[in-house]
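> Take this structure first; my questions come after.
The values are calculated or read from the model by the stated rules, or taken from the named source; none is laboratory data. Remember, predicted model here, so these are calculated numbers, not experimental data. In this analysis, Cβ positions are derived from the backbone assuming ideal geometry, glycine residues included, and neighbour counts consider all displayed protein chains.
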């Protein structure tokens, strides 16, 4: 058999094999975004987003809620509603992370002082009582002086809860009778509960 004839037979054999080849890899039954699909009962190929999830790379980490700052400086007020649940969560987190240094009422006489470490300033000093709420948030986030950053262990929502609880501690240590609603003053003065 000549070389020419062998090449022709080989070419015909390859053509026959290739003509019979299926294109399963080319014609894949895949779902394309925003195209109809028979896979799901609602006919959509894309599934609805799960509530509360954040797409990768789209986490909001700027703005006053996440940083405690605006262009003008630290935020003055807590940017979330202060509720009993928020204060309870703040107390729980404060007792875990903050009371070791700042003690349970924020005077700066925690266990570390008894162990010979430097005493932190009291939250009841005038400087801290008048400080913007964002100052405390930023200290928890970035650290302050010898205090380390707690950003890795205390989520943003819990940081604001702690700040709210610190504000409650400050109010509790400097409250006057005028701060108590008139309907409840009788309980403090020994007259018993209001009728």
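> So in region 149-180, with the set limited to residues that are at pLDDT below 90 and in a helix (DSSP H, G or I), which one is nearest to the chain's Cα centre (by Cα)?
For region 149-180, the residue satisfying everything is 172.
> Also: Quick check: is even one residue across region 112-122 touching a helix residue (DSSP H, G or I) at 6+ places or on another chain (Cβ under 6 Å), buried (at least 17 other Cβ atoms within 10 Å of the Cβ), outside any helix (DSSP H, G or I) and on the phi < 0 side of the Ramachandran plot?
Scanning region 112-122 turns up at least one residue that is touching a helix residue (DSSP H, G or I) at 6+ places or on another chain (Cβ under 6 Å), buried (at least 17 other Cβ atoms within 10 Å of the Cβ), outside any helix (DSSP H, G or I) and on the phi < 0 side of the Ramachandran plot.
> Quick check on my filter: what residues within region 44-67 are surrounded by 10 or more Cβ atoms within 10 Å (Cβ to Cβ) and either more than 30 Å from residue 136 (Cα to Cα) or in contact with a strand residue (DSSP E or B) (Cβ under 6 Å, 6 or more places away or on another chain) (or both)?
44, 45, 46, 64
> If you don't mind, there's one more thing I want to ask. Please go through region 76-108 and give me each residue that is part of a helix (DSSP H, G or I) and under 20 Å from residue 65 (Cα atoms), ordered by number.
84, 85, 86, 87, 88, 89, 90, 91, 93, 94
> Still on this structure, please answer the following. Output the number of residues of region 133-155 satisfying the condition of being surrounded by 18 or more Cβ atoms within 10 Å (Cβ to Cβ) and either closer than 13 Å to residue 68 by Cα or free of Cβ contacts under 8 Å to residues at least 24 places away in the same chain (or both).
Residues meeting the conditions: 9.
> Sort out which residues of region 129-143 are farther than 17 Å from residue 160 by Cβ and in contact with a helix residue (DSSP H, G or I) (Cβ under 9 Å, 6 or more places away or on another chain), and write them in order of number.
Narrowing region 129-143 to residues farther than 17 Å from residue 160 by Cβ: 129-130, 143.
If the condition is that a residue be farther than 17 Å from residue 160 by Cβ and in contact with a helix residue (DSSP H, G or I) (Cβ under 9 Å, 6 or more places away or on another chain), then 129 is the only one that fits.
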